[in-house]
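The values are calculated or read from the model by the stated rules, or taken from the named source; none is laboratory data. Keep in mind that this is a model prediction, so the values were computed, not measured. Quick reminder, even Gly has a Cβ in these numbers, built from the backbone with ideal geometry, and neighbours come from all protein chains shown.
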Amino acid sequence: MTVPDPVVLVACDKFKGSLVATEVAQRVAVGVRRALPDATVRSLLVADGGDGTIEAALGAGYEARTTTTSGPTGRPLQARYAVLGATAVVELAETCGIVHLPDRRLEPLTSTSRGVGEAVRAALDEGCAEIVLGIGGSASTDGGTGMLSALGARFLDASGHEIPDGAGGLATLDRVDLSGLHPALAGARVVVACDVNNPLLGDRGAAAVFGPQKGVTEQLRPQVDAGLERLADLLAEATGRDTRDEPGAGAAGGVGYAALQVLDAEMRPGVELVLDLVGFAEQVDGADLVITGEGSLDEQSLMGKTPVGVAEAAARAGVPVVAVCGRSLLAGGQAEAAGVRRVYALTDIEPDLARCMSAAGPLLEELAAAVARDLADGRL
C-alpha cells in the first residue's frame, strides 16, 4: 500500500567517527525530501544516555550553559550542561569523560569524577530541582567520590585530611563526612541514564568489568576493589543503607553507586530516558514511518542502544521502523526480531569502508532517498 504525503520521523544517533547526530538528521531529511518532496519530515536528536545526550536535549529546546569543571585529571575544562525550566541535563562524558584525558593516556589511579559533580552543583546553584545524569564515557573508577566531593562530601584519611582524588586515594580512606552536601540535594530529583546492571564490587563489578578500558590491570584490580569496598562500608555506616549490590552500582567506575547511595537516584535505561526528554511520544504521533540508526548495527545495538530503543517506543505507537547505518553486522532476522522492519547500510551502496566514513553525508542522503522510494512504492 502506498502512502500519499507521508509523515516521516527521523530519530537517529550519531555515526561515530563520521557524522554527529545533527548531521545525520539533516542528511536523512534531505534524502527523504529528494525522493518525496511532499513528505513531512520531523527530526529528533536521540542518544542512549552517553555522549550526545546534551546535543539531544539542545535539539529538543533546552538551553546550553557552560561551566568550568575539573577534567578527568583535574585540568580545568569548559563543559556544557543543558537546562529547560527546573530540569538540567548533565553528561559525564562532557565534563570529565575519558575523551578528555590528555593524549588519551589512561590514569587508572588518579582520574576523577569530580567534574560531573561540579556541573551538577552549577545546575543546583541555578535553581534546578531535577538532574538528568548521563554517566557513559567515564575515565575513572573512584566510586563517585570525586562527584560527591564537588557536591560537598568529604572523604578523609586517619589524620583528618582529604584523600587525593581517584581510585588510588581510596587506599587511605578512613571516614566520610556528608554533612556539607549541597542543601538543594535534599529536595532534588536525580535520574541516571544507565544501561548496565553490574554491582559495585566483585567479578561483575566496576573494577573487573569496566576497569580494564580505564587502565585498571589485573595487578591493580585488588587495590581498586579494596578501596571501593572500604568506601561502601563507610557510606553504609553513614547513611544506614547499602546499595553496593544494586543493578547499575558498578556503572561509570562507581558513579552509579554514589548516585544511588548518596543522591537517592532513580536508574533508567538511557535511550528510554532520552526519548522522554526529547518528546518522542508526541513526535511519533501521526507518523507513517520512523527512521532510526547509528554508525554500526551489531550485537551491542541489541542491548539497549538507540535504534532498538527507538524501535520499541515506535512499536508502542504502532508505527513501523527502519534503520540506516554505516554497516550492519546483524545476522538475518535479528533486526526484525528487535522491531526494525528493514536495515539500510551505507555498505550496501558503497563497499569501501573508508569511503563510507569519508563520504558518509552524501551516501546517507542517497540511502534515505532509497528508504523514501520504498515507502512511496508500498514496500515498507
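Summary table
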| item | result |
| --- | --- |
| Failed condition for ALA315, given (1) outside the structural domain of GLY205 (by TED's automatic domain parsing); (2) part of a loop (DSSP other than H, G, I, E, B); (3) of a type in the set (A, V, I, L, M) | (2) |
| Any hit, the range 67-76, residues being assigned to a loop (DSSP other than H, G, I, E, B) and not assigned by TED's automatic domain parsing to the domain that holds ARG121 | no |
| Residue within the range 30-38 that is within 15 Å of LEU364 (Cβ to Cβ), in a loop (DSSP other than H, G, I, E, B) and of a type outside the set (Lys, Arg) present | no |
| Residue within the range 234-253 that is farther than 22 Å from LEU185 by Cβ, surrounded by fewer than 23 Cβ atoms within 10 Å (Cβ to Cβ), assigned by TED's automatic domain parsing to the domain that holds ILE98 and free of Cβ contacts under 8 Å to residues at least 12 places away in the same chain present | no |
| Search result, residues across the range 23-46 that are closer than 17 Å to ALA323 by Cβ and hydroxyl-bearing (Ser, Thr, Tyr) | SER43 |
| Hits in the range 86-106 (condition: part of a loop (DSSP other than H, G, I, E, B) and surrounded by fewer than 18 Cβ atoms within 10 Å (Cβ to Cβ)) | ALA86, ARG105, LEU106 |
| Residue in the range 284-297 that is part of a helix (DSSP H, G or I), on the phi < 0 side of the Ramachandran plot and out of contact with any Phe, Trp or Tyr (no Cβ under 9 Å at 6 or more places or on another chain) present | yes |
| Residue in the range 177-193 that is at pLDDT 95 or above, under 19 Å from GLY71 (Cβ atoms) and not small (Gly, Ala, Ser) present | no |
| All positions within the range 202-224 that are within 20 Å of the chain's Cα centre (by Cα), crowded, with 18+ Cβ neighbours inside 10 Å and either assigned to a helix (DSSP H, G or I) or among the hydrophobic types (A, V, I, L, M, F, W, C) (or both) | ALA206, ALA207, PHE210, GLY211, LYS214 |
| Filter pass, PRO199 being part of a loop (DSSP other than H, G, I, E, B) and within 24 Å of VAL271 (Cα to Cα) | yes |
| Members of the range 5-18 found to be over 17 Å from the mean Cα position of the chain (by Cα) and crowded, with 19+ Cβ neighbours inside 10 Å, listed by number | PRO6, VAL8, LEU9, VAL10, SER18 |
| Residue selected from the range 72-83 under the condition out of contact with any Ser or Thr (no Cβ under 8 Å at 6 or more places or on another chain) and buried (at least 17 other Cβ atoms within 10 Å of the Cβ), by the criterion nearest to GLY168 (Cα to Cα) | ALA82 |
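Yes or no, residue by residue, for (1) more than 23 Å from the chain's Cα centre (by Cα); (2) in a helix (DSSP H, G or I):
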| position | (1), (2) |
| --- | --- |
| ALA226 | yes, yes |
| GLU229 | yes, yes |
| ARG241 | yes, no |
| GLY256 | no, yes |
| LEU260 | no, yes |
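A quick yes/no check of all residues on (1) exposed (fewer than 15 other Cβ atoms within 10 Å of the Cβ); (2) assigned by TED's automatic domain parsing to the domain that holds THR22; (3) of a type in the set (Ser, Thr, Tyr):
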{"position": "GLN300", "(1), (2), (3)": "yes, yes, no"}
{"position": "LEU329", "(1), (2), (3)": "yes, yes, no"}
{"position": "ALA337", "(1), (2), (3)": "yes, yes, no"}
{"position": "TYR344", "(1), (2), (3)": "no, yes, yes"}
{"position": "GLU365", "(1), (2), (3)": "no, yes, no"}
